[in-house]
Amino acid sequence: MKTIINTARGAAADTLALVNRDMPNPDAGQVLVRIHASGVNPSDTKVRIGAQGPMPAKEVIPHNDGAGVIESVGSGISERRIGERVWLYNVNRTPDGQGQGNIGTAAEYVAVDADLAAPLPHGVSFEEGACLGVPAMTAHRAVFSGGDVTGQTLLITGGAGSVGLMAVQMAAAAGARVITTVSSAEKAKIAQDAGAETIINYRTENLLERLLAEVGENAIDRLVDVDFAAHAAMTPRILKRGGTIATYASGSDMTPAIPFVPLMFNNTVLEMVFVYGMPKAAKKRAIEDINHYLRSGAIRPEIAARFPLAEATRAHEAIEAGGLTGNVVLQL
């Protein structure tokens, strides 16, 4: 089978290669999936550069997300699953689920634990299915980890990003008032179509001043945050007492200072969201809800770029260059 391998830490052009390898066989409890699309996430590029330390093996097949069709099953798995369309998540993982493993979705076939292959609803393309794992499950955890958000006011930063867009769509579908931030008019239109009620361009407006004008002091129930460091200082003024910060990234500063005393006095809940380490029960609920929203049409990923498998290097470089609005997928 054709597959992409990562052979070292470093630039995509120096470390990714298209090769032929033997097709895997599913072990007990596994399914063999013919991959039709492989999702490429920013986390995949960061791992390749070295964000999680040295290579776990001489060769690594990258990417955690994907979609395809089950072609065979290992012992203990019903043969009724053969022919099922599925979306894959958290595929390329260590046994504890916390770090990068050796086998990902950037290949024509992959054998995965059966619970990592979720049914792909009718009418959802393989390319869209390949965008669900990291973005949609992160968004679900960040929005719903505290329970129902009906009637709440949520601030979702980066509402046109891959995670942010999913969060906006889910929160709006669940009956929340959604305020979001974007960096351009194009992204504002995407966020509006996704269900955001108030959209703030943080490049042209003062975010805190606009928030206070829109909802007043301490009026937001939950902050779903793509950059914790950038927004931590203002959270004591915008969050309700007992409100929650659910953050999944802090790109502007990975060791941020926080206003500890104001946050403590406000009884603020700080939740770090790391999709790979989500509890099994949270993953199960996320899959159920994501598929429900897909069937109802409430959520749909935005795909910014598609590349053939052989151009995985270009896909990684496109993500690292920035400026994309939506997800990147490899088509097989």
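Read-outs throughout are calculated quantities, based only on the coordinates presented, and are distinct from any laboratory measurement. As the structure is a computational prediction, the values presented were derived from the model and not from experiment. Neighbour counts run over all protein chains shown; Cβ positions are idealised from the backbone, glycine included.
Within a straight-line Cα-Cα reach of under 12 Å, LYS283 can be paired with the following aspartates and glutamates, leaving aside sequence neighbours fewer than 8 residues apart in one chain: ASP115. Considering only the Cα atoms of region 288-332, their convex hull presents on average a projected area of 4.0 nm².
With N counted as the residues of region 216-274, its alpha-carbon radius of gyration over 2.2 N^0.38 Å works out to 1.01. Considering only ASN267, VAL47, SER252, the residue lying farthest towards the positive end of the dipole of the chain is ASN267, judged by Cα position with unit charges set on Cβ.
Just to be sure I understand the curve: with the Debye formula and one point per C-alpha of region 233-332, what is log10 I(q)/I(0) at q = 0.17, 0.18, 0.20 Å⁻¹? After summing over all Cα pairs, the log10 values are -1.09, -1.12, -1.13.
The GNM of the chain, with springs linking C-alpha atoms under 10 angstrom apart, assigns the highest mean-square fluctuation among GLY175, GLY147, GLY216 to GLY147. Dividing the radius of gyration of the alpha carbons in the chain by their Kirkwood radius gives 0.98 for Rg/Rh.
Using the Cβ-Cβ distance between LEU18 and ARG203 with R0 set to 35 Å, the FRET efficiency from 1/(1 + (r/R0)^6) comes to roughly 0.35.
Counting only alpha carbon atoms, the long axis of helix 185-194 and the longest principal axis of the chain meet at about 80°.
Look at the dipole of region 75-203 built from charges on Cβ: of GLY101, GLY161, ALA111, the Cα furthest out on the positive end belongs to GLY161.
When the C-alpha to C-alpha distance is required to be over 29 Å, the pairs from LYS2/LYS189; LYS189/LYS280; LYS46/LYS187; LYS187/LYS284; LYS2/LYS58 that qualify are LYS2/LYS189; LYS189/LYS280; LYS187/LYS284.
P(r) tail for region 1-126, what percent of Cα pairs lie past 26 Å? In whole percent, the share of Cα-Cα pairs in region 1-126 beyond 26 Å is 19. Were the residues from ILE82 through ALA57 laid out at 0.36 nm apart, the gain over their Cα-Cα distance would be 5.9 nm. Overall, the chain carries a charge dipole of about 220 debye about its Cα centre when +1 sits on the Cβ of Lys and Arg and -1 on the Cβ of Asp and Glu, all other atoms neutral.
Ordering LEU132, ALA310, ALA286 by the projection of their Cα atoms onto the charge dipole of the chain, which places +1 on the Cβ of Lys and Arg and -1 on the Cβ of Asp and Glu, puts ALA286 at the extreme positive end. Counting only residues at least eight positions apart within a chain, or on another chain, there are no lysines with an alpha carbon under 27 Å from that of LYS240. In the chain, helices alone account for a calculated mean residue ellipticity at 222 nm of -8000 deg cm²/dmol, with every DSSP H run of four or more residues adding -39,500 (n - 2.57). Can you give the Rg/Rh ratio of region 135-275, where Rg is from the C-alpha atoms and Rh is the Kirkwood radius? When Rh is taken as the Kirkwood radius, the ratio is 0.92.
With both residues required to sit in region 135-275, DSSP beta bridges show an antiparallel share near 5%. Say we join alpha carbon atoms closer than 10 Å with springs in a Gaussian network model of the chain; which of VAL134, VAL178, VAL19 then has the biggest fluctuation? Ranking VAL134, VAL178, VAL19 by mean-square fluctuation puts VAL19 first. Exposure proxy ranking for HIS63, HIS140, based on other Cβ atoms within 10 angstrom of each Cβ and starting from the fewest, stands as HIS140, HIS63.
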